[in-house]
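The values are calculated or read from the model by the stated rules, or taken from the named source; none is laboratory data. All of these numbers come straight from a predicted model, not from anything done at the bench. In this analysis, Cβ positions are derived from the backbone assuming ideal geometry, glycine residues included, and neighbour counts consider all displayed protein chains.
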Amino acid sequence: MSQWMTLLKKELLEMWRNFKWIWMPITFILIGVQKPITTYYMPQIIDSLGGLPEGAVLKIPTPTAREVIMQGLGEYTSLGVLIIVLSTMGIIAAERKSGVAAMILVKPVSFTSFVTSKWAGGVLLMWLSFFTGCTTTWYYTGLLFDWVPFGEFLQAYFFYALWFTFILTVTVFFSSMLRTSGTAGFISLAVVIIVSIVSSTLSRWLEWSPAQLTSYANEILLDKGVSEYLLPAGLLAGVCIIILLALSVMIFRKKELAS
């Protein structure tokens, strides 16, 4: 356990030296504050751009606070996913290519500790950054519209973060398999997009898909109750994360020993 903690501290320190602990939370905050502010000031934004033609009338229905938060969290399913993949795609592949991984593994360091400590560091960074951004969305929505119960917001945040953890684990899996960070990131994005499209298209048959977690979280935000498929989807996401992590260790060990 002490070995694993040492590797985790090394990973967290490396992220600090790469300024990930600074730019990633700030980026998530900027994403989080965008939706409530632009929604609230949309009439003024339209006027500042020259307004409407004479005689034209534009009626924009005012969304509820719950809808604003849901739309704000929806921004993370595109930009947030891209940031997660880009910040994680080289987490193992880059060190394998540079030879750092081989130098560390020459010492009595287990492959499991090496891979899982990197994964844990990425998860901690992602959860903290995402929580910071989501809390910003919740706070500004409360100031400009109305306050949504913080407990319901936390439930939605948790299941969004669980889906993002699945995405991060997919990226770690391909990063352990490939030596090129760009290739690992591209394939990870492709897999996530395919899973999301298939799950939304065949939602009636894939209610347990991890990609459905965001939809079920939105139902909580819209006060529609908790879906009966939320827990199975969450459990399946957890099982997939564990399997992908185990496969990442196996593949990484095999490739390192072969080289």
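Working only within the range 194-229, note down all residues that are hydrophobic (A, V, I, L, M, F, W, C) and over 17 Å from Ile241 (Cα atoms).
Ile194, Ile197, Val198, Leu202, Trp205, Leu206, Ala217, Ile220, Leu221, Leu222, Val226
With the checklist (1) among the β-branched types (Val, Ile, Thr); (2) surrounded by 12 or more Cβ atoms within 10 Å (Cβ to Cβ); (3) modelled with pLDDT of 90 or more in hand, flag the one item Val100 doesn't pass.
(3)
Kindly provide the set of residues from the range 209-243 that are hydrophobic (A, V, I, L, M, F, W, C) and surrounded by fewer than 19 Cβ atoms within 10 Å (Cβ to Cβ), ordered by number.
Result: Leu222, Val226, Leu231, Leu235, Leu236, Val239, Cys240, Ile242, Ile243.
Just checking, which of Leu213, Leu257, Leu236 is part of a helix (DSSP H, G or I), modelled with pLDDT under 90 and among the hydrophobic types (A, V, I, L, M, F, W, C)? Break it down into steps so the answer makes sense when it comes.
Details: Leu213 fails: modelled with pLDDT under 90; Leu236 fails: modelled with pLDDT under 90.
Step by step, each of Leu213, Leu257, Leu236 is checked, and only Leu257 is part of a helix (DSSP H, G or I), modelled with pLDDT under 90 and among the hydrophobic types (A, V, I, L, M, F, W, C).
Report, by residue number, each residue of the range 103-132 that is modelled with pLDDT under 95 and either over 22 Å from Ile243 (Cα atoms) or in contact with a strand residue (DSSP E or B) (Cβ under 8 Å, 6 or more places away or on another chain) (or both).
Met103, Ile104, Leu105, Val106, Lys107, Pro108
For the structure I just gave you, tell me whether Glu75 is more than 15 Å from Gly32 (Cα to Cα), part of a helix (DSSP H, G or I) and of a type in the set (D, E, K, R).
No: the conditions fail for Glu75.
Can you pull out every residue in the range 76-97 that is over 13 Å from Ser175 (Cβ atoms) and among the polar types (S, T, N, Q)?
Result: Thr77, Ser78.
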